[in-house]
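Chemist: Got a structure for you, written out below as structure tokens; questions coming shortly.
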Amino acid sequence: MIVLSFGSASSSSIAAVFSAAFLLFYFSDTTLGAPCPINGLPILRNISDLPQDSYGRPGLSHMTIAGSVLHGMKEVEIWLQTFAPGSETPIHRHSCEEVFLVLKGNGTLYLAETHGNFPGKPIEFPIFANSTLHIPINDAHQVKNTGHEDLQVLVIISRPPIKVFTYDDWFMPHTAARLKFPYYWDEQCLQESQKDEL
């Protein structure tokens, strides 16, 4: 804790300005809008204070509500994702279960059982507000906003970090799928924490 003391009453306005500037600087770098603002999972927080990022995917807004990197979660991760009309996830599969709760909007879930040499033609499931989706382990899938407003979903995955395989199309062989492991949405935070430990 830093305590500042000034000798005269005339300097109290200077002290107030200095103190306010110091606090803004301190909190802006450690909690408000920094890419890795949280160390551990607080009991209570305002979701509007959490950072959002598109991670280079047009039309996506991703927010990690509880994650392995930011919060030390070991068994689950929880994300809030918003897809603009027309945006979609890549075709992918992963080594975990995944559950979606659609909060608002409409879209389509494309799901292919991954038992052959490639995903194959997917089954289409319409998704809408208050619907839930369960993605079995290693089944290739894609979520697309096929509506006219934002599609917002709460996503829960098991066993982070996960192995993710991405595909160019539904008939790409599994052996040609691109592997990313470990897959962290907040990977930049992991890299920053590793730098700090050296």
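Chemist: Amide H of Met73: which non-local residues (sequence gap of 5 or more, or other chain) have their own amide H closer than 5 Å, using H built in the peptide plane?
Modeler: Those lying under 5 Å, H to H, from Met73 are Gly67, Ser68.
Chemist: Ok, one more. Could you sort Tyr110, Tyr167 by accessible area so the largest value comes first, with the probe set to 1.4 Å?
Modeler: Details: Tyr110 40, Tyr167 10 Å².
Per-residue accessible area, sorted high to low, gives Tyr110, Tyr167.
Chemist: If you don't mind, there's one more thing I want to ask. Using the Karplus equation 6.51 cos²θ - 1.76 cosθ + 1.60 (θ = phi - 60°), what ³J(HN,Hα) coupling, rounded to whole Hz, does each residue of region 140-150 give in order, writing x for Gly and Pro?
Modeler: Working through the residues one at a time gives 5, 7, 8, 10, 10, 7, 9, x, 10, 9, 4 Hz.
Chemist: Also, quick follow-up: Can you give me the solvent accessible area of Lys74 with a 1.4 Å probe, rounded to the nearest 10 Å²?
Modeler: 150
Chemist: Let me ask something additional. Pull out a ≥ b ≥ c, the square roots of the eigenvalues of the alpha-carbon gyration tensor of region 56-118, then state rounded if a/c is under 1.5, prolate if not and a/b is larger than b/c, and oblate in the remaining case. Provide the component values of the computation, followed by the final result.
Modeler: On the way: a/c = 1.88, a/b = 1.11, b/c = 1.69.
It is oblate, given that a/c is not under 1.5 and a/b is not larger than b/c.
Chemist: Next up: Using only the alpha carbon atoms of region 38-158, find the Kirkwood hydrodynamic radius as the inverse mean reciprocal pair distance, in angstroms to one decimal. It would help to have the intermediate numbers written out before the result.
Modeler: Working: mean 1/r = 0.0663 Å⁻¹.
When all Cα pairs of region 38-158 are included, the Kirkwood radius is 15.1 Å.
Chemist: If you don't mind, there's one more thing I want to ask. In what sequence, largest accessible area first, do Phe83, Phe165 appear using a 1.4 Å probe?
Modeler: Largest accessible area first, the list is Phe165, Phe83.
Chemist: Additional query: Non-local amide H neighbours of Glu98 (under 5 Å, H modeled in plane, Pro and chain starts lacking H): which ones?
Modeler: Hits under the 5 Å cutoff: Ile135.
Chemist: Compare Asp168, Asp139, Asp49 by solvent-accessible area with a 1.4 Å probe and give them largest first, with all protein chains kept in place.
Modeler: Working: Asp168 105, Asp139 15, Asp49 85 Å².
Sorted by accessible area, descending: Asp168, Asp49, Asp139.
The values are calculated or read from the model by the stated rules, or taken from the named source; none is laboratory data. Everything numeric in this text was worked out from a predicted model, so none of it was measured. These area figures cover heavy atoms from the full protein model, side chains too; ligands, DNA and RNA do not enter into them. Shrake-Rupley method; radii C 1.70, N 1.55, O 1.52, S 1.80 Å.
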